[in-house]
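One structure below.
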Amino acid sequence: MNNLAGKINAWSVRHPRLTTSIWIGYWFILTGLLLSPKLPRPPIQISKKALFAHFFTFAILAAACYLARRARGYKVTGLWYALWFTVFSAYGGLTEIIQPMVHRHADVADWAADSAGVALVFIITAIYNRYKNGSSTN
């Protein structure tokens with residue numbers, strides 16, 4: 001796993017513009033998917049599959065953001081993690097608020113899964129950075 005993380009990081013450093021473009025493009029695609037209208041349906045039933053999809057898509061968004069930051073050679077600090085966690089959590093919450101306007105169901109559990117996906121990626125990357133570099137920031 002450590003070798004894979006190193007390869008991904010090395011690739012993103014060699015291609016900073018592409019890494020940033022992928023992150024921003026993914027964010028636009030995610031917005032489209034979260035806000036695309038659906039046909040009316042019965043009241044929502046929380047499924048594990050739907051929660052996993054929210055968790056996974058926001059985890060990818062957070063990982064792409066982290067890689068784009070590192071690819072540009074910038075430091076990743078505790079303040080950076082806090083700022084982007086807040087941005088992504090607010091983004092997830094806002095999409096849940098807007099979804100009823102496009103005939104989708106809003107669900108607090110979806111927002112919690114979004115935030116959990118971001119938090120897990122940021123915790124893993126912070127631990128990875130700490131043990132790789134011997135400090136909590138780099």
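If you take all other residues with their beta carbon under 14 Å from the beta carbon of I24, and give Lys and Arg +1 and Asp and Glu -1, the sum is +3. Calculated FRET efficiency, I8 and H103, Cβ-Cβ r, R0 30 Å, to nearest 0.05? Taking R0 as 30 Å, the efficiency between I8 and H103 is 0.20. Taking the 1.4 Å solvent-accessible surface of segment 57-135 as the whole, the part contributed by carbon and sulfur is 72%. According to the square roots a ≥ b ≥ c of the eigenvalues of the Cα gyration tensor, what is the shape class of segment 49-115, taking rounded for a/c under 1.5, prolate for a/b larger than b/c otherwise, and oblate for the remainder? Note, shape of segment 49-115 comes out prolate.
Counting 0.36 nm for each residue step from S47 to S21 and taking away their Cα separation leaves a gain of 6.1 nm. Over the chain, accessible surface divided per residue gives 62 Å², non-protein components excluded, 1.4 Å probe. Among the helices of the chain, those built from whole DSSP H runs whose Cα atoms reach 27 Å or more along their own axis and whose mean Kyte-Doolittle hydropathy is at least 0.0 are 16-35, 48-71, 78-98, 108-133. Given the choices (1) 76, 31, 27; (2) 63, 32, 29; (3) 51, 26, 25, Cα extents along the principal axes in Å derived from the coordinates of this structure is entry (3). Label positions at F85 and F28, each projected 7 Å from the Cα along the C-beta direction, are separated by 3.0 nm.
The values are calculated or read from the model by the stated rules, or taken from the named source; none is laboratory data. In this text the structure is predicted, and so the values were computed from the model without any measurement. So basically every Cβ, Gly included, is an ideal-geometry build from the backbone, and we count neighbours across all protein chains shown. To get the accessible areas, we keep the full protein, side chains included, count just its heavy atoms, and leave off ligands, DNA and RNA. Shrake-Rupley method; radii C 1.70, N 1.55, O 1.52, S 1.80 Å.
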